[in-house]
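Engineer: Structure in structure tokens, see below.
No lab work stands behind these numbers, since they all come straight from the coordinates. None of the values given here were measured: they were computed from a predicted structure. Here Cβ is always computed from backbone atoms with ideal geometry, including for glycine, and neighbour counts include all displayed protein chains.
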Amino acid sequence: MSMIAAFYGGKSILITGATGFLGKVLMEKLFRTSPDLKVIYILVRPKEGQTLQQRVIQILDSKLFEKVKEVCPNVHEKIRPISADLNQNDFAISKEDLQELLSHTNIVFHCAATVRFDDHLRHAVQLNVTATQQLLLMASQMPKLEAFIHISTAFSNCNLKHIDEVVYPCPVEPKKIIDSMEWLDDAIIDEITPKLIGDRPNTYTYTKALGEVVVQQEGGNLNIAIVRPSIMGATWQEPFPGWVDNLNGPSGLIIAAGKGFLRSIRATPMAVADLIPADTVVNLTLAVGWYTAVHRPKSTLVYHCTSGNLNPCNWGKMGLQVLATFEKIPFERAFRRPNADFTTNNITTHYWNAVSHRAPAIIYDFYLRLTGRKPRMTKLMNRLLRTLSMLEYFINRSWEWSTYNTEMLMSELSPEDQRVFNFDIRQLNWLEYIENYVLGVKKYLLKEDMAGIPEAKQHLKRLRNIHYLFNTALFLIAWRLLIARSQVARNVWFFIVSFCYKFLSYFRASSTLKV
Ligand SMILES: CCCCCCCCCCCCCCCCCCCCCCCCCCCCCC(=O)SCCNC(=O)CCNC(=O)[C@H](O)C(C)(C)COP(=O)(O)OP(=O)(O)OC[C@H]1O[C@@H](n2cnc3c(N)ncnc32)[C@H](O)[C@@H]1OP(=O)(O)O
Ligand SMILES: NC(=O)C1=CN([C@@H]2O[C@H](COP(=O)(O)OP(=O)(O)OC[C@H]3O[C@@H](n4cnc5c(N)ncnc54)[C@H](OP(=O)(O)O)[C@@H]3O)[C@@H](O)[C@H]2O)C=CC1
């Protein structure tokens with residue numbers, strides 16, 4: 001019997017960010033392994049014209065929850081969506097809802113965040129820092145609370161090369177930052193943002209670091225732990241391999257490469273690609289929840305959920321396997337044949353961006369205009385290049401994360417828990433994982449049918465022929481222009497033609513003699 005699964009039985013659990021990638025996988029696992037849990041409260045904001053209930057139904061109707069519906073048929077009764085906006089004071093939760101939350105919650109998993117790299121500092125601070133502070137305040141009024149688990153990121157201290165499982169201080173106290181956001185106007189915030197984030201690449205990593213300091217400083221007597229995943233990818237095993245439902249991290253780039261938009265990417269092939277499957281993050285998080293509640297460590301423990309030091313894979317190997325998988329499982333209606341490559345310096349990156357990204361987009365838009373359609377490729381390409389520029393920081397460096405706490409926790413689990421809540425990344429086979437990842441992107445993100453693979457392969461063959469034809473035509477035109485202008489080119493051309501003619505004549509003559 002799993003001790004962790006038993007622990008969550010009968011519990012009332014509060015999850016923020018439950019509608020996000022990690023939140024959904026977390027809920028799924030909780031319901032599947034502890035169907036007797038009492039209730040999961042989720043803080044949800046109404047969105048895109050959908051009510052809270054509709055958002056929950058949409059989640060439960062997804063393939064991710066198919067197994068859950070078998071083991072926990074009344075799952076919809078056990079999810080209690082609470083209208084809340086983490087951008088608002090007190091989250092705009094009604095008094096009744098707040099009362100219910102305060103009096104019943106046993107465990108809090110705080111997953112909500114803005115994960116955008118380009119978010120305005122004010123918004124990123126509000127969600128990743130102030131909201132965390134408010135949630136802690138709320139948690140301190142929960143008499144039945146056993147553990148508060150804060151999800152951070154392994155990159156919150158990406159300005160360091162070696163990162164330990166500790167909370168690092170920030171030069172400016174989070175409280176000061178929170179206060180200043182209240183009275184500074186946007187223009188001034190824009191001006192001071194680069195100074196504040198310092199040697200971090202974006203507001204996301206900076207505010208996640210501030211969030212951790214808030215957790216440590218304002219956790220009071222709560223049983224708190226921080227989980228720091230690296231780059232979260234599709235599921236490895238549970239509830240099935242390859243599940244993914246957003247474009248963050250590598251997923252968007254896999255689509256861009258598979259559809260033939262992405263031709264080159266500035267990356268260091270030997271840099272460690274610290275990916276971690278979403279289900280591994282969930283298993284560790286649930287184990288941390290159990291350990292924190294049952295063992296009540298004296299200080300706030302930080303757990304790294306990373307792969308690099310235990311089972312490293314580099315971007316070169318990953319990129320090659322992604323491309324190899326496209327051969328077997330191509331995406332439908334590709335723009336060009338998938339054929340991306342890594343560049344390693346500014347000059348080649350600019351060159352390939354111009355030749356392989358911008359030029360084809362301009363040509364295609366010209367063709368769309370000619371055929372009376374709206375041009376769109378240049379806009380899409382600009383977006384892709386912007387995304388690439390934001391991800392570049394993470395694919396050209398390697399970090400070392402120590403994992404003492406994570407390994408300690410693993411050793412604390414019973415063999416059954418090590419199986420049911422497996423977060424031992426050493427068991428992961430990267431090539432198999434990446435193949436399933438690409439397949440998952442095709443099925444769950446692009447919603448493409450496997451039956452369309454033969455047609456997709458045909459389409460790629462057509463694209464290859466067009467590519468050869470285009471290149472041959474281009475070569476002939478260039479050559480023709482050269483001949484018209486240069487005597488040397490003309491001499492070379494006559495030499496080649498006369499050589500071919502002589503060779504053919506000789507070949508003809510020798511075959512006539514044989515007859
Ligand atoms: C040895 C020899 C080797 C040779 C080998 C050769 C191999 C060749 C290489 C082949 C390549 C193969 C494929 C690639 C395989 C791996 C490549 C590596 C990439 C890995 C990158 C990972 C880096 C992640 C680092 C994470 C560090 C921190 C981790 C975390 O803690 S947080 C989670 C991460 N957060 C994010 O990822 C958020 C990033 N996104 C943003 O910040 C924003 O979305 C944005 C990128 C700034 C874009 O903002 P916009 O306002 O412009 O757009 P918006 O968000 O509104 O969306 C607009 C449309 O674009 C779509 N979209 C959004 N995000 C992405 C995305 N990441 N990629 C693509 N498209 C995206 C979005 O859906 C919108 O679409 P629409 O609705 O249709 O308009
Ligand atoms: N993805 C990754 O690679 C990594 C993620 N992490 C961390 O994991 C956690 C989860 O990330 P992930 O699931 O990928 O992120 P998502 O962007 O998929 O999910 C974010 C969640 O936060 C919610 N949220 C955002 N703003 C608000 C708001 N104002 N009020 C209420 N809820 C809000 C979103 O709700 P809504 O659906 O309404 O938008 C969504 O449920 C984050 O803390 C992130 O920092 C750490 C490392 C890597």
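Engineer: Under 19 Å Cα-Cα from LYS29, which aspartates and glutamates qualify once same-chain neighbours fewer than 8 residues away are excluded?
Structural biologist: Straight-distance partners of LYS29: ASP61, GLU66, GLU70, GLU77, GLU238, ASP245, ASP279, GLU416, ASP417, ASP424.
Engineer: Give me the percent relative contact order of the chain, please, defined on Cα pairs under 8 angstrom at least 6 residues apart.
Structural biologist: 16
Engineer: Here's something else I'd like to know. Name the shape class, rounded, prolate or oblate, that the alpha-carbon gyration tensor gives for segment 456-514, where a ≥ b ≥ c are the square roots of its eigenvalues, rounded holds for a/c under 1.5, and otherwise prolate holds if a/b is larger than b/c and oblate otherwise.
Structural biologist: oblate
Engineer: Going by amide H atoms built from the backbone, whose H comes under 5 Å of the H on LEU14, apart from near neighbours?
Structural biologist: Result for LEU14 returns TYR41, ASN106, ILE107, VAL108, PHE109.
Engineer: Next question. How much length, in nm to one decimal, is gained on full extension between GLU407 and HIS162, taken as 0.36 nm per residue of separation minus their Cα-Cα distance?
Structural biologist: The span from GLU407 to HIS162 would gain 86.5 nm if fully extended.
Engineer: Another one. If a/c stays under 1.5 just call it rounded; otherwise compare a/b with b/c (prolate if a/b is bigger, oblate if not). Do that for segment 276-403, with a ≥ b ≥ c from the square roots of the Cα gyration tensor eigenvalues.
Structural biologist: prolate
Engineer: For the chain, what is the mean residue ellipticity at 222 nm derived from helices alone (per DSSP H run of n ≥ 4: -39500 (n - 2.57); sum divided by total residues; nearest 500 deg cm²/dmol)?
Structural biologist: Dividing the helical sum by the residues of the chain leaves -16000 deg cm²/dmol.
Engineer: Now for a different question. Given H placed on each backbone N at 1.01 Å, which residues far from ARG266 in sequence or on other chains put an amide H within less than 5 Å of it?
Structural biologist: Those qualifying (amide H under 5 Å, at least 5 residues apart or on another chain) are THR343.
Engineer: Apply the Karplus parameterisation 6.51 cos²θ - 1.76 cosθ + 1.60, with θ equal to phi minus 60°, to every residue of segment 229-240 and state each ³J(HN,Hα) to the nearest whole Hz, in sequence, with x for glycine and proline.
Structural biologist: Result, rounded to whole Hz: x, 8, 8, 7, x, 3, 5, 8, 10, 10, x, 7.
Engineer: Spelling out what I want: for every residue of segment 218-226, take phi, set θ = phi - 60°, compute 6.51 cos²θ - 1.76 cosθ + 1.60 (Karplus), and round to whole Hz; glycine and proline get x.
Structural biologist: With the stated coefficients, segment 218-226 comes to 10, x, x, 8, 6, 7, 10, 9, 10 Hz.
Engineer: Let me ask something else about it. Magnitude of the Cβ-charge dipole of segment 356-515, K/R +1 and D/E -1, about the Cα centre, nearest 20 debye? Working shown, then result.
Structural biologist: Details: 24 positive and 13 negative charges, 405 e Å.
The calculation lands at about 1940 debye.
Engineer: Could you work out how far the C-alpha centroid of segment 470-508 sits from that of segment 138-216, in angstrom?
Structural biologist: Using only Cα atoms, the two centres lie 66 Å from each other.
Engineer: By count of other Cβ within 10 Å, fewest leading, how are PHE475, PHE331 ordered?
Structural biologist: PHE475, PHE331
Engineer: Quick one: which residues, 5 or more positions from ILE276 or on another chain, have an amide H under 5 Å from its amide H? H modelled 1.01 Å from N in the peptide plane, none for Pro or chain starts.
Structural biologist: So ILE276 has HN proximity to ILE231, MET232, GLY233.
Engineer: Compute the orientation-averaged projected area for the chain from the convex hull of its Cα atoms and round it to one decimal in nm².
Structural biologist: Spelled out: convex hull of the Cα atoms, projected over all directions, averaged, 33.1 nm².
Engineer: Among DSSP bridges having both ends in the chain, what percentage is antiparallel? Round to the nearest 5.
Structural biologist: Just about 5 percent of them are antiparallel.
Engineer: If you add up the charges near ILE276, with Lys and Arg at +1 and Asp and Glu at -1, over every other residue whose beta carbon is less than 13 angstrom from its beta carbon, what do you get?
Structural biologist: Neighbour charge sum, excluding ILE276 itself: -1.
Engineer: Ok, one more. Per residue of segment 196-206, in order, report the coupling 6.51 cos²θ - 1.76 cosθ + 1.60 (Karplus, θ = phi - 60°) as ³J(HN,Hα) in whole Hz, putting x for Gly and Pro.
Structural biologist: Karplus-based 3J(HN,Hα) across segment 196-206 equals 5, 6, x, 8, 8, x, 7, 6, 4, 5, 5 Hz.
Engineer: Now for a different question. Can you order the peptides 466-474, 234-242 by their average number of other Cβ atoms within 10 Å per residue, highest first?
Structural biologist: Highest mean packing first, the order is 234-242, 466-474.
Engineer: On a 19 Å Cα-Cα criterion, which of the cross-link pairs LYS11/LYS63; LYS379/LYS443; LYS24/LYS69 come out too long?
Structural biologist: LYS11/LYS63; LYS379/LYS443
Engineer: Determine the dipole magnitude for the chain: charges of +1 sit on the beta-carbon of Lys and Arg, -1 on that of Asp and Glu, nothing else is charged, the reference point is the Cα centre, and the result goes in debye to the nearest 20.
Structural biologist: On the way: 58 positive and 47 negative charges, 696 e Å.
It comes to approximately 3340 debye.
Engineer: Can you put THR132, THR153, THR348, THR371 in order of Cβ neighbours within 10 angstrom, beginning with the fewest? Please list the in-between numbers first.
Structural biologist: On the way: THR132 27, THR153 23, THR348 14, THR371 7.
Going from sparsest to densest Cβ surroundings: THR371, THR348, THR153, THR132.
Engineer: Based on the Cβ-Cβ distance from LYS144 to GLU182, what FRET efficiency comes out when R0 is 35 Å, to the nearest 0.05? Kindly include the intermediate steps, with their values, before the conclusion.
Structural biologist: Values: r = 33 Å, r/R0 = 0.94.
For LYS144 and GLU182, the calculated efficiency is 0.60.
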